[in-house]
1. Nearest 0.05, what FRET efficiency do D47 and V16 give at R0 = 22 Å with Cβ-Cβ as r?
2. Between D83 and Y5, what FRET efficiency comes out of the Förster formula 1/(1 + (r/R0)^6) with R0 = 25 Å and r the beta carbon distance, rounded to 0.05?
3. If the convex hull of the alpha-carbon atoms of the chain is projected onto planes in all directions, what is the mean projected area in square nanometres?
4. Give the relative contact order (percent, whole number) for the chain; include only Cα pairs under 8 Å separated by 6+ residues.
5. What percentage of the solvent-accessible surface of the chain, computed with a 1.4 Å probe over protein heavy atoms, is contributed by carbon and sulfur atoms?
6. How many Å² of accessible area per residue for the chain, probe 1.4 Å?
Amino acid sequence: MKAVYEKKKNLRFSAVISDGFKGYPPMFHPHCEIIYVLNGQVDMMVDGYPKTLQKGETVFVFPYTVHRYESAPDAKLVVLLFDAPMTGIFKNELQ
């Protein structure tokens, strides 16, 4: 399956608590992404490496890195998306 480029216009920062996570096919985007598992677990793949995140675990996805999430109807997650320039002096390292 090919990865989809996802570009959200005018997105600088987004924070969502996702209850009953639907999952996403392989994608990549120019934003940094942080996922924190509040409850349950979620299977994911980042840059070809599979991982199961459990309650209390966090993943950081760098910009333009292919990643996907499996459906996790019993999971509760915090999903943060933000522009790399918001990281200040670390912007160049992230891109």
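The values are calculated or read from the model by the stated rules, or taken from the named source; none is laboratory data. Quantities reported herein were computed from a predicted structural model and do not represent experimental measurements. Here the Cβ positions follow ideal geometry from the backbone for every residue, glycine too, while neighbour counts run over all protein chains shown. The accessibility values were calculated without ligands, DNA or RNA, using every heavy atom of the protein model including side chains. Shrake-Rupley method; radii C 1.70, N 1.55, O 1.52, S 1.80 Å.
1. Once rounded, the FRET efficiency stands at 0.45.
2. That gives a FRET efficiency of 0.95.
3. Reported value for the Cα convex hull: 6.0 nm².
4. About 38 percent, as a whole number.
5. Details: 3330 of 6080 Å².
That fraction is 55 percent.
6. Spelled out: the 1.4 Å probe surface of the chain, per residue, equals 64 Å².
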